[in-house]
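Accompanying notes for the structure given below.
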């Protein structure tokens with residue numbers, strides 16, 4: 001059960017960069033239904049995190065990816081109107097590269113598209129995801145990231 005969990009749920013995210021763009025998906029289910037986000041999802045029992053990244057990206061976008069370095073660990077905690085924890089995910093975001101496949105919108109996503117990194121305002125991407133994208137761009141460019149996402 002993902003809402004009102006007894007403990008945090010481990011998730012993975014993929015920061016897939018290509019020519020100044022990052023791959024985003026529009027979420028089809030809660031939490032974040034209807035919002036743009038990085039592709040990813042929950043890790044299955046017995047699944048290593050890198051395999052979960054590959055599976056989730058394929059399920060949501062039709063793309064096959066290679067999994068690179070861990071970029072960030074993000075805590076996504078959402079409270080309901082009574083201040084109870086409704087969702088609690090610990091998300092491991094990895095820098096990934098496209099290895100094959102064709103971009104399609106699939107499974108839990110209602111849309112998938114390449115967004116210019118300098119045009120993320122148009123997608124109303126959440127601040128933690130923006131910070132992860134910025135760190136991934138720095139890592140991809142061989143620079144030492146200067147900040148850690150909240």
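The values are calculated or read from the model by the stated rules, or taken from the named source; none is laboratory data. Remember, predicted model here, so these are calculated numbers, not experimental data. Because the Cβ atoms are built from the backbone with ideal geometry, glycine has one as well, and the counts that use them run over all protein chains shown.
Any idea how many residues of region 90-120 are part of a strand (DSSP E or B) and farther than 22 Å from residue 139 by Cβ?
The number of residues fulfilling the criteria is 7.
Pull out all pairs, ordered by first then second residue, where Cβ-Cβ is under 7 Å, the residues are six or more apart or on different chains, the first lies in region 1-22 and is touching a residue at least 40 places away in the same chain (Cβ under 8 Å) and on the phi > 0 side of the Ramachandran plot, and the second is exposed (fewer than 15 other Cβ atoms within 10 Å of the Cβ) and assigned to a loop (DSSP other than H, G, I, E, B).
4/84
Go through the residues of region 67-74 one by one and say whether even a single one is more than 18 Å from residue 139 (Cβ to Cβ) and within 13 Å of the chain's Cα centre (by Cα).
no
Within region 121-131, track down each residue that is assigned to a helix (DSSP H, G or I) and touching a residue at least 40 places away in the same chain (Cβ under 8 Å).
123, 128, 129, 131
Scan region 31-75 for residues that are at negative phi, in contact with a helix residue (DSSP H, G or I) (Cβ under 7 Å, 6 or more places away or on another chain) and without any contact (Cβ under 8 Å) to a residue 60 or more places away in the chain and jot them down.
Within region 31-75, 43, 44, 63, 64, 65, 67 qualify.
Given the criteria assigned to a helix (DSSP H, G or I), under 29 Å from residue 79 (Cβ atoms), under 11 Å from the mean Cα position of the chain (by Cα) and at pLDDT 95 or above, does residue 53 qualify?
When the stated conditions are applied, residue 53 passes them.
Residue-wise test of (1) farther than 21 Å from residue 49 by Cβ; (2) crowded, with 16+ Cβ neighbours inside 10 Å.
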residue	(1), (2)
94	no, yes
97	no, no
102	yes, no
116	yes, no
132	no, yes
139	no, yes
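Of all residues in region 1-21, which are closer than 15 Å to residue 103 by Cβ and in contact with a strand residue (DSSP E or B) (Cβ under 6 Å, 6 or more places away or on another chain)?
14, 16, 21
Take region 11-45 and flag every residue that is buried (at least 16 other Cβ atoms within 10 Å of the Cβ), over 10 Å from the mean Cα position of the chain (by Cα) and not in a loop (DSSP other than H, G, I, E, B).
Listed by number, the residues that qualify are 17, 22, 26, 27.
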